[in-house]
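The values are calculated or read from the model by the stated rules, or taken from the named source; none is laboratory data. Because the structure is a prediction, the values reported are computed rather than measured. Using ideal geometry, Cβ is built from the backbone for each residue, glycine included, and neighbour counts are taken over all protein chains shown. The accessibility values were calculated without ligands, DNA or RNA, using every heavy atom of the protein model including side chains. Shrake-Rupley method; radii C 1.70, N 1.55, O 1.52, S 1.80 Å.
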Amino acid sequence: VMGALESRGVLRRMSDMLEMLMKKMDILARLENSTDFHKGDEARFPLDRFQPAAGLMERIQAIAQNVSDIAIKVDQILRNSLLNGKVVEGRRDQCEVPRDPKYPDCAGKVEWMRARWTSDPCYAFFGVDGTECSFLIYLSEVEWFCPPLPWRNRTVALPSPPPLPQVQAAFRGDLTRLLELVGTGKESLSFMKKRIRHLAQQWLWAARRLEQKLKGRQRDQKHILIHIGFLTEESGDVFSPRVLKGGPLGEMVQWADILAALFLLGHSLRVTVSLKELQSHLGVPPGRGNCPLTNPLPFDLIYTDYHGLQQMKQHMGLSFKKYRCRVRVIDTFGTEPAYNHEEYATLRGYRTNWGYWNLQPTQFMTMFPHTPDNSFMGFVSEELNKTERQFIKSNKVSSMAVVYGKEASIWKVGGKEKFLAILNKYMEIHGTVYYETQRPPEVPAFVKNHGLLPQHEFQQLLRKAKLFIGFGFPYEGPAPLEAIANGCVFLQARFNPPHSSLNHEFFRGKPTSREVSSQHPYAEDFIGKPHVWTVDYNNSEEFEAAIKTIMRTQVDPYLPYEYTCEGMLERIHAYIQHQDFCTTSSPPLPPKAKSPAMQSPPSPLALSPNATHLVWSPSAIRDPRAWPPVDSLQVWVSETRHACTETCRRRGLVCEPTFFRFLNKKEVFLQLSITCDSTEYEMNHLYPAVAENVHECYLQKEPLLFSCAGYNTKYRRLCPCRDYRKGQVALCRDCL
């Protein structure tokens with residue numbers, strides 16, 4: 001951004017250069033006239049070769065005259081500005097910080113600008129030059145901490161263009177354009193594109209089925225940015241170099257499926273895996289990210305991960321807080337409310353390197369439905385047709401086992417020798433451990449190691465094998481579901497005590513207190529026998545009995561509906577249509593404000609016919625826009641050692657955190673015949689709850705802390721449960 005003096009100097013230099021060019025052209029013309037080029041038939045150059053030179057000379061002369069005229073005008077403007085500048089500078093020097101109660105932070109922000117305005121070039125980009133007035137202009141016109149200055153001319157701003165008409169989303173029938181959007185240059189991107197191509201036909205069939213199911217329902221097309229932060233160079237991108245060496249692929253599997261689902265649903269996508277692209281798409285001003293965006297965010301939704309979330313906060317300035325309601329965070333292991341609320345996490349010891357973002361907990365989207373406080377995003381496994389299912393059933397080798405895991409490190413697990421020796425008595429053991437030249441020494445000699453296999457060959461191996469066995473790691477990956485879908489039985493170790501952030505290094509620092517009772521809790525809890533066996537590997541008799549039973553048990557291929565292409569499309573469609581955190585999110589309550597629950601109308605709940613729990617009262621008003629629909633709500637009281645997650649699951653239901661607001665009322669305790677000698681409003685992720693031994697009842701003061709997770713032996717919790725669609729735990733029966 002050049003000042004007036006610099007502009008005048010540039011114009012003069014341009015004028016001098018043009019004058020020099022004209023002199024050289026004139027010399028060339030005189031040289032031409034003094035030669036015999038045009039005599040007789042021996043002329044080597046036709047005369048018209050030099051005719052355009054005259055026209056070129058005229059154009060250069062005209063440009064030079066224009067530049068000269070502009071330079072004169074700049075001089076005139078400068079002289080006028082010097083006269084007016086005395087008045088302006090007087091104003092700039094005389095600016096005082098306004099004392100306006102509507103802008104209580106103004107004085108503090110000006111003080112900060114005095115000390116730090118040179119810390120980021122973006123301030124100078126917006127005209128800050130160290131004077132009081134430039135601080136106030138910036139803080140009132142770029143940011144919003146100070147009132148507008150009365151002497152500023154604000155009439156030059158053009159009116160905002162009318163919003164474009166909303167385009168309707170239409171299901172797509174071709175994935176070619178998506179493959180172009182994903183881009184190139186990384187092994188991780190190549191892997192994702194291969195996966196999209198491999199599953200293309202299944203995705204297209206699923207899209208057609210969902211389109212028929214929705215029966216032409218109107219859907220607005222969303223502008224969506226997908227920023228895969230863990231693949232950026234700035235985050236280290238440790239995944240791409242390991243794609244071909246047996247490294248973890250679960251995250252890339254999920255991102256590939258998210259891309260395919262969003263694209264087929266008909267939304268407009270932009271995909272980035274670099275910080276530079278992210279800044280460009282967001283419209284970030286030059287600098288270090290302390291200044292807000294100057295234009296409205298061009299995206300309705302942003303799908304990213306924790307790395308991308310950090311990058312966005314770093315480069316969006318104050319705009320991050322404004323637009324964070326549009327963000328969806330792909331979060332493999334989940335983020336519980338106690339870790340998400342910054343103040344609470346800091347005070348109560350839940351703060352980790354992740355978490356503390358103060359988002360709505362359902363903005364975090366997990367790989368498995370283990371944390372109802374978050375939204376379940378998932379991924380897909382390949383479905384088999386009838387012919388493939390029949391082929392698998394007739395070609396299974398009952399004495400063949402495949403070990404889960406592609407890295408040699410998993411074979412270092414302590415105590416494996418005992419259970420491997422038992423397994424080797426009954427079955428031929430196969431591995432798919434990566435190696436470059438020599439067989440990994442960690443893999444026993446009796447194991448037939450195929451090395452790292454392409455996905456298609458790995459599936460062929462699973463289609464022959466009877467057993468897919470886990471050694472306890474990796475946790476919660478996609479491979480066990482693929483194995484079960486290909487007719488294998490999955491055998492895994494039971495963890496006693498359960499693994500968690502309190503006792504296990506892998507989970508330490510993750511924003512969850514979830515206790516993991518096995519290598520794959522989803523397979524254990526949602527699938528179970530005969531497809532999944534969870535046993536104590538330290539108990540040789542139990543382990544051997546399980547192997548014998550598995551070998552003689554006939555098991556059909558099985559894939560839960562929520563992990564099919566149609567199931568994932570259905571789920572993401574519902575989220576996009578119904579989840580709106582920008583208009584329905586509850587801001588934190590001021591410290592001295594009364595809780596909304598204290599001012600609320602009577603409870604809309606009623607005792608169920610068998611008097612065991614509460615349901616939505618038939619006479620209560622129903623908001624047709626509420627999602628999930630309130631008819632699906634059931635209120636149960638937990639046991640002292642059970643979280644709401646477990647309380648609902650034991651009744652064939654799932655905890656629904658958006659319903660907590662209906663429970664957070666004193667009347668609900670009375671309806672459940674709970675005696676309350678006192679009722680307090682406090683910040684605690686276990687509330688609403690009752691300490692029955694002392695008849696003390698507690699209601700939640702902070703809506704962001706409503707949590708399905710968590711228990712304490714002191715409390716029985718009030719739990720909001722709901723029904724769910726068969727094979728689709730994320731959606732209630734009437735949620736689609």
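Annotations for the structure displayed:
- Qualifying residue in region 425-447 (condition: out of contact with any Cys (no Cβ under 8 Å at 6 or more places or on another chain), in the same structural domain as Glu542 (by the TED database), of a type in the set (A, V, I, L, M, F, W, C) and loosely packed, with under 12 Cβ neighbours inside 10 Å): yes
- Some residue of region 339-349 being charged (D, E, K, R) and either surrounded by 20 or more Cβ atoms within 10 Å (Cβ to Cβ) or assigned by the TED database to the domain that holds Glu702 (or both): no
- Region 416-432, residues that are part of a loop (DSSP other than H, G, I, E, B) and in contact with a Lys or Arg (Cβ under 6 Å, 6 or more places away or on another chain): Thr432
- Any hit, region 382-405, residues being closer than 23 Å to Thr549 by Cβ, crowded, with 18+ Cβ neighbours inside 10 Å, touching a residue at least 60 places away in the same chain (Cβ under 8 Å) and among the hydroxyl-bearing types (Ser, Thr, Tyr): yes
- Flag for Pro624 being more than 35 Å from the chain's Cα centre (by Cα), surrounded by fewer than 17 Cβ atoms within 10 Å (Cβ to Cβ) and at pLDDT below 95: no
- Of residues in region 361-370 being open to solvent by 10 Å² or more (accessible area, probe 1.4 Å) and in contact with a Pro (Cβ under 9 Å, 6 or more places away or on another chain), the one modelled with the lowest pLDDT: His370
- Output for region 406-415, where each listed residue is under 18 Å from Glu482 (Cβ atoms) and either without any contact (Cβ under 8 Å) to a residue 12 or more places away in the chain or out of contact with any Asp or Glu (no Cβ under 9 Å at 6 or more places or on another chain) (or both): Lys406, Glu407
- Residue match in region 588-605 (condition: closer than 30 Å to Asn693 by Cα, open to solvent by less than 30 Å² (accessible area, probe 1.4 Å) and modelled with pLDDT of 90 or more): yes
- Listed by first and then second residue, the pairs with beta-carbon distance under 6 Å, at least 6 apart or on different chains, first residue in region 206-226 and open to solvent by less than 10 Å² (accessible area, probe 1.4 Å), second among the hydroxyl-bearing types (Ser, Thr, Tyr), are Ile226/Tyr303.
- Search result, residues across region 697-736 that are farther than 30 Å from Phe379 by Cβ and surrounded by 17 or more Cβ atoms within 10 Å (Cβ to Cβ): Cys697, Tyr698, Leu699, Gln700, Lys701, Glu702, Pro703, Tyr715, Arg716, Arg717, Leu718
- Of the criteria (1) within 22 Å of Ser409 (Cα to Cα); (2) modelled with pLDDT of 95 or more; (3) open to solvent by 70 Å² or more (accessible area, probe 1.4 Å), which one Lys464 fails: (1)
- Enumeration of residues in region 416-439 that are in contact (Cβ under 8 Å) with a residue 24 or more places away in the chain, more than 13 Å from Asn449 (Cβ to Cβ) and not charged (D, E, K, R): Phe419, Leu420, Ile422, Leu423, Tyr426, Met427
- Just one residue in the set Leu181, Leu204 is touching a strand residue (DSSP E or B) at 6+ places or on another chain (Cβ under 9 Å) and under 16 Å from Phe263 (Cα atoms); that residue is Leu181.
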